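The next block holds one structure in the form of structure tokens; read it before the comments.
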Amino acid sequence: MRVRILLTVIGGLLLTSGAVAQPQRIVSLDYCADQYVLGLADRSQIAALSPDARADFSSHAAIAEGIAQARPLAEEIIAHRPDMVVRSWGGDPRILALFERLDIPVHQIGYIADFDDIRRETRGAASAFGQAERGDAVLAAMDAALASASAASEMPALYVTPGGVTAGQGTFIDALLGAAGLRNAAGGQTGWVSMPLEAVATQVPAIFVTGFANSATDRVDRWSASRHPVMRRALGARPVLALDTGVIACTTWLAGAEAARLHAFARDHQPMLRGEQP
């Protein structure tokens with residue numbers, strides 16, 4: 001029965017699908033794609049979002065209210081008669097192959113490691129949705145926020161997650177710290193690495209920046225470095241700023257304002273730390 005229904009829907013879709021200048025029935029396959037769709041497309045263009053569109057790690061959870069949701073399953077997606085599918089990582093190769101056979105365009109949100117990547121992906125998505133001007137507007141706001149945070153203090157800051165991981169070079173967190181005028185205390189390490197407890201014990205960073213500290217989805221193991229007495233003492237001895245979970249769960253133009261907030265936080269705490277920096 002499900003197969004017959006799916007074939008019927010597909011048949012109807014084939015009669016109405018085709019390239020359109022501005023898609024009118026966008027379906028998003030994962031929460032990161034949701035952010036780009038919700039932030040750049042008109043609400044009337046959105047047919048369905050992922051089941052995580054209203055999760056606590058969704059920056060646009062409030063405006064996702066009332067919009068249909070679809071799991072990344074062929075029958076659920078096709079039932080919404082999409083004329084464009086947007087994904088970051090959602091959907092397996094079989095579904096993507098089906099979309100190709102049905103001539104349904106798929107817009108891919110690429111990996112983001114810095115602010116130039118945000119500009120590229122925002123412009124690409126905005127163009128795909130027929131909303132180039134909106135893309136330009138959100139990027140202009142991002143660049144204005146980054147300009148306000150351009151002064152470098154070179155204060156050492158260490159990113160901390162509840163799971164005991166920090167961010168080295170090549171990660172967006174490293175780019176965010178740099179945009180806020182801070183020096184990443186993870187040093188020359190690359191990618192996502194375990195917390196350097198020895199370094200923290202001997203050379204406490206000026207400030208700590210935490211990620212996913214308040215997320216309901218976070219789980220902390222007993223052995224996590226974030227629970228270690230050395231880390232707890234260090235966190236208690238220095239200013240700590242918790243990054244917005246939605247901004248770091250899926251990186252968009254909103255990261256500009258987050259860099260400015262982090263810069264202001266470091267600036268406000270610099271007087272009390274002067275002379276104490278390692």
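The values are calculated or read from the model by the stated rules, or taken from the named source; none is laboratory data. Since the structure is predicted, the reported quantities are computational estimates derived from the model, not experimental observations. Neighbour counts run over all protein chains shown; Cβ positions are idealised from the backbone, glycine included.
Things worth noting here:
- Complete set of residues in the stretch 118-153 that are charged (D, E, K, R) and over 24 Å from Val27 (Cβ atoms): Arg119, Asp136, Asp143
- Unique residue being outside the structural domain of Ala257 (by TED's automatic domain parsing) and touching a residue at least 60 places away in the same chain (Cβ under 8 Å) when the list is Ala132, Ala74, Ala97, Ala68: Ala74
- Test: residue in the stretch 54-65 that is touching a residue at least 24 places away in the same chain (Cβ under 8 Å), outside the structural domain of Asp174 (by TED's automatic domain parsing), in a strand (DSSP E or B) and within 18 Å of Asp34 (Cβ to Cβ): no
- Within the stretch 128-151, the set of residues being among the small types (Gly, Ala, Ser), surrounded by fewer than 18 Cβ atoms within 10 Å (Cβ to Cβ) and in a helix (DSSP H, G or I) comprises Ala132, Ala137, Ala140, Ala141, Ala144, Ala147, Ser148.
- Applying the set (1) polar (S, T, N, Q); (2) over 14 Å from the mean Cα position of the chain (by Cα); (3) not in a loop (DSSP other than H, G, I, E, B) to Thr122 leaves exactly one unmet item: (2).
- Lone qualifier among Glu121, Glu154, Glu100 - being under 19 Å from Ala257 (Cβ atoms) and not small (Gly, Ala, Ser): Glu121
Every residue, every condition in (1) over 14 Å from Cys250 (Cα atoms); (2) among the aliphatic types (A, V, I, L, M), yes or no:
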| position | (1), (2) |
| --- | --- |
| Gln24 | yes, no |
| Asp56 | no, no |
| Gln69 | yes, no |
| Glu76 | yes, no |
| Val85 | yes, yes |
| Gly91 | yes, no |
| His107 | yes, no |
| Ile112 | no, yes |
| Phe115 | no, no |
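- Any hit, the stretch 34-52, residues being aromatic (Phe, Trp, Tyr) and not in a helix (DSSP H, G or I): no
- When residues of the stretch 35-53 are limited to those that are in contact (Cβ under 8 Å) with a residue 40 or more places away in the chain and under 20 Å from Ala79 (Cβ atoms), the one surrounded by the most Cβ atoms within 10 Å (Cβ to Cβ): Val37
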